[in-house]
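The values are calculated or read from the model by the stated rules, or taken from the named source; none is laboratory data. The structure presented is a predicted model; accordingly, all values stated were derived computationally and were not measured. Counting neighbours? That spans all protein chains shown, and the Cβs are built from the backbone with ideal geometry, glycine included. Side chains are part of the model used for accessible areas, which takes the heavy atoms of the whole protein and leaves out ligands, DNA and RNA. Shrake-Rupley method; radii C 1.70, N 1.55, O 1.52, S 1.80 Å.
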Amino acid sequence: MTPIAAQHAPRTRRRPGRPTALAALTALATLATLAGPTSLATTSGPRARAATPGAPGAGDPLFPLDGNGGYRVSHYLVELDWKAPRTAFPATATITARTTQDLSRFHLDFAGNTLRSVTVDGSPARTERDGDELVVTPSRPLAEDSAFTVVVRYTADPTQTRHRTDAIEDYGWIPTPDGTVVYPQPGGGRMLFPADDHPSRRARLTFRITTPPGVEAVANGRLTGRTEQADGRVRWTYDSPQPLAVQLVQLAVGQFTFVEDEGPRGLPIRDAVPDALVESTERYRSLTATHLDWLEERLGPYPFERYGVLVGDTDLGVALETQTLSLVPKADLLGDRVAAERTLVHELAHQWFGNSNGIRTWSDLWLSEGHARFYERLYSQDHGGTALETAMKTAYAQHDQWRRDFGAPAEPTEPNLFKRMRYDGSALVLYALRRQVGDAAFRTIEREWAQRYRGEIAGTREFIALASEVTDEDMGAFLRPWLYGGRTPAMPGHPDWVVTR
């Protein structure tokens, strides 16, 4: 295969070389079947099994209709025929999955535009749409533990957005001056393609994006192909061999320059930068390898095969930990170094926390955002920022108020999911744990958490169990009051710290 640098020589830069360093969520899914036709048999004869509808959601307490029952996806192939900014275009999603029951119909999470057709194993399927639920009834029932393929043809609209009143703000397709970026968290990915959209559900992903001449496409994973077609359009193929949740997908189209570097042990680093922002953002983007070194020293090897920063040319001041390709808004890279590094370290830390080891339910978000904020602040205190203790004392003073307004760290409410409690409020829990067990034990807990659950799904219960295992004492007695309930416990070693009532 032609090296990527050769394929993009006019628009690819390479930084000067540097030395290479260095209780499961068993069944939250609801088992209640939907009202509808009588169940159908998947086999004939006296021992025929009845096929039943898959559940419409994974049963998450905050988003009960996120995710779906009756099957598990192994791979998404998403093909997008991009036309121009703010212009609808044809799209096709091919979903490879396996049933977990005898299945008469199933749901996909889908908030896209016009649905054109749906087939299951090549045969037309009946469909209904109800909000974000696409209900698919195949021409014949699907037997338990059987592979099947769904092809959904639809029209994608790169102007489709939604809004939240917490830290997420706008999400979905976010327009840029010459294209788009995607903000998929918490439900924006389903605007891009139909999916099993819950943080605990992960699958491999391949994007094939066709663009006009002079326009680049970038997405999660590795660029495995760039093909110029007879009409001058270009097809870009990106493959993510390590499974990812839909809330962590990324796709951007526009006029980009690709800037390449190496991290620890030769890890490929590849930034995608709008042409006009290459020079002005270089100073802070070039720090990624240093940030990788620092985090690997504390958490162990980076858990993916590559990394990069996608510079967002938007006015939306929100960064996202999209898997292997963090989205960082241009404003964060054009200002103060301390603020820029906080954002860069935060999103990079998420590659360990929330991406590699995914959360079981949305209520476990404190594990993802709390860890990212903790390491962001720990790094910042040694690189010109506020001392960690000072930041945590400030958070401690507000913790009871945050509990009343936004829910305890592990007891969020849906409208307040991405409020301050999930960030500094959850980092405070980790700070308290370190004060309680000592720095050496805390480092062991953190490194073991990152490595034991690499590529796995884990939640609050597993974290408490691991902390108890490492310290050889019941850490639930310490952590549960911090994570649940209405009052903030005393801070170990700081009897002088007070909570503002």
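Spot the failing condition for Asp315; the list is (1) modelled with pLDDT of 95 or more; (2) over 20 Å from Gly263 (Cβ atoms); (3) charged (D, E, K, R), and only one is missed.
The failed condition is (1).
Of Arg420, Arg404, Arg461, which residue is open to solvent by 40 Å² or more (accessible area, probe 1.4 Å), more than 16 Å from Ser368 (Cβ to Cβ) and among the charged types (D, E, K, R)?
Step by step, each of Arg420, Arg404, Arg461 is checked, and only Arg404 is open to solvent by 40 Å² or more (accessible area, probe 1.4 Å), more than 16 Å from Ser368 (Cβ to Cβ) and among the charged types (D, E, K, R).
Report those helices (runs of 4 or more DSSP H) wholly inside the stretch 343-438 carrying at least 2 residues which are among the basic types (Lys, Arg) and over 19 Å from the mean Cα position of the chain (by Cα).
388-406, 424-437
Step by step: first the residues of the stretch 232-287, then only those that are surrounded by fewer than 21 Cβ atoms within 10 Å (Cβ to Cβ) and hydroxyl-bearing (Ser, Thr, Tyr), then the one that is nearest to Val181 (Cα to Cα). Which residue is that?
Here the residue is Thr257.
Consider Arg140 carefully, then state whether it is assigned to a strand (DSSP E or B), open to solvent by 20 Å² or more (accessible area, probe 1.4 Å) and out of contact with any helix residue (DSSP H, G or I) (no Cβ under 6 Å at 6 or more places or on another chain).
Criteria not met by Arg140.
Take the stretch 149-168 and flag every residue that is open to solvent by less than 30 Å² (accessible area, probe 1.4 Å) and over 18 Å from the mean Cα position of the chain (by Cα).
Within the stretch 149-168, Val150, Val151, Val152, Tyr154, Ala156, Pro158 qualify.
With the requirement that a residue be closer than 28 Å to Arg208 by Cβ and among the hydrophobic types (A, V, I, L, M, F, W, C), what does the stretch 59-95 give you?
If the condition is that a residue be closer than 28 Å to Arg208 by Cβ and among the hydrophobic types (A, V, I, L, M, F, W, C), then Val73, Leu77, Val78, Leu80, Trp82, Ala84, Ala88, Phe89, Ala91, Ala93, Ile95 are the ones that fit.
Looking for whichever is more than 17 Å from Ala319 (Cα to Cα) and surrounded by fewer than 24 Cβ atoms within 10 Å (Cβ to Cβ) here; the options are Arg435, Arg342. Which one fits?
Being more than 17 Å from Ala319 (Cα to Cα) and surrounded by fewer than 24 Cβ atoms within 10 Å (Cβ to Cβ) holds for just one of Arg435, Arg342, which is Arg435.
Can you find a residue that is farther than 26 Å from Tyr71 by Cβ, touching a helix residue (DSSP H, G or I) at 6+ places or on another chain (Cβ under 7 Å) and either of a type in the set (Lys, Arg) or not in a strand (DSSP E or B) (or both) anywhere in the stretch 210-225?
no
List pairs: first residue in the stretch 415-428 and closer than 14 Å to Arg377 by Cβ, second residue part of a loop (DSSP other than H, G, I, E, B) anywhere in the structure, Cβ distance under 6 angstrom, at least six positions apart or on different chains.
If the second residue must be part of a loop (DSSP other than H, G, I, E, B), the pairs left are Gly425/Pro409; Ser426/Pro409.
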